[in-house]
1. Please state which of the following conditions Y53 fails to meet, knowing it meets all the rest: (1) more than 29 Å from N141 (Cα to Cα); (2) open to solvent by 30 Å² or more (accessible area, probe 1.4 Å); (3) touching a Phe, Trp or Tyr at 6+ places or on another chain (Cβ under 9 Å).
2. Got at least one residue in the range 151-159 being within 21 Å of S38 (Cβ to Cβ), of a type outside the set (S, T, N, Q) and modelled with pLDDT under 85?
3. Quick test for you: out of L81, L58, L104, pick the one residue that is modelled with pLDDT of 90 or more and touching a Cys at 6+ places or on another chain (Cβ under 9 Å).
4. Every residue in the range 115-145 that is of a type in the set (S, T, N, Q) and open to solvent by less than 20 Å² (accessible area, probe 1.4 Å), please.
5. Residues of the range 23-34 being within 16 Å of the chain's Cα centre (by Cα) and either buried (at least 24 other Cβ atoms within 10 Å of the Cβ) or among the aromatic types (F, W, Y) (or both), which ones?
6. Just to verify a result, which residue in the range 135-162, among those that are part of a loop (DSSP other than H, G, I, E, B), within 22 Å of T31 (Cβ to Cβ) and among the hydrophobic types (A, V, I, L, M, F, W, C), is nearest to the chain's Cα centre (by Cα)?
7. Out of all the residues in the range 61-78, which are under 19 Å from R3 (Cβ atoms) and at pLDDT below 90?
Amino acid sequence: SGRTFIENTTIARNAANYGGGLYNYPADDMTILNSTISENQAETVGGGIADGYGGVKLQNSILGGNIDTRGNPDCFSATSLGYNLIQTMQSTQGCAINAGPGDLWNVDPKLIRMGEYYALDPHSPALDAGNPAGCTDYAGNTLTIDQRGTPRPLDSTAEGQATCDMGAYEYDPDRPIQQIFLPSVSL
């Protein structure tokens, strides 16, 4: 067993028997910082994360939109270090995780799939909801960019204070994501 750090990362669209996005086995010490885990699927438990040993820790991350066949959609077990958004929190039967400071439970993160990453919708509850002390890496150093290289933190909600967004993506209000829907044409 060892120590693993995942930061500024999107883990998405994976499938497995245990832990669609991540399966912590054997009992490693795994810390996930400023990351987004979404649209993963497990056949047995933990659509996003399966950790039966208490070794997975989440901080300033988004865990949402994952599924499994036993009703434990987003995780099987994890520890919150604070400022996480967990979309589906059914009970300790669903996702055994403690509540940390600044955590958001049972809310839709309002993610927009953009190829290799998930952007935050302009109305996402994850905007400026990260750790007010700043986004940090595994050693406690301030992260100054998100996974795409966009500066962080930004004032995503135009409230006059730059605070990190939760997850791997920092919303830039000066360059918002625009979705274009084209009409369907049948011949």
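1. Condition (1) is where Y53 drops out.
2. The answer is no, given that none of the residues of the range 151-159 is within 21 Å of S38 (Cβ to Cβ), of a type outside the set (S, T, N, Q) and modelled with pLDDT under 85.
3. Working: L81 fails: touching a Cys at 6+ places or on another chain (Cβ under 9 Å); L104 fails: touching a Cys at 6+ places or on another chain (Cβ under 9 Å).
Sole residue among the options that is modelled with pLDDT of 90 or more and touching a Cys at 6+ places or on another chain (Cβ under 9 Å): L58.
4. Pass one, the range 115-145, residues of a type in the set (S, T, N, Q): 124, 131, 136, 141-142, 144.
Answer for the range 115-145, where residues must be of a type in the set (S, T, N, Q) and open to solvent by less than 20 Å² (accessible area, probe 1.4 Å): just S124.
5. We begin by selecting, within the range 23-34, every residue within 16 Å of the chain's Cα centre (by Cα); these are 23, 30-34.
Of everything in the range 23-34, those that are within 16 Å of the chain's Cα centre (by Cα) and either buried (at least 24 other Cβ atoms within 10 Å of the Cβ) or among the aromatic types (F, W, Y) (or both) turn out to be Y23, I32, N34.
6. C135
7. At the first step, the residues of the range 61-78 found to be under 19 Å from R3 (Cβ atoms) are 61, 77-78.
Correct list: S77, A78.
For (1) under 17 Å from R152 (Cβ atoms); (2) at pLDDT 90 or above; (3) charged (D, E, K, R), each residue gets a yes or a no:
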| position | (1), (2), (3) |
| --- | --- |
| L33 | yes, yes, no |
| T88 | no, no, no |
| T92 | no, no, no |
| D108 | no, yes, yes |
| A126 | yes, yes, no |
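The values are calculated or read from the model by the stated rules, or taken from the named source; none is laboratory data. These figures come from a predicted structure and were not determined experimentally. We place every Cβ from the backbone using ideal geometry, glycine too, and count neighbours over all the protein chains shown. Just the protein is used for accessible areas: all its heavy atoms, side chains included, with ligands, DNA and RNA removed. Shrake-Rupley method; radii C 1.70, N 1.55, O 1.52, S 1.80 Å.
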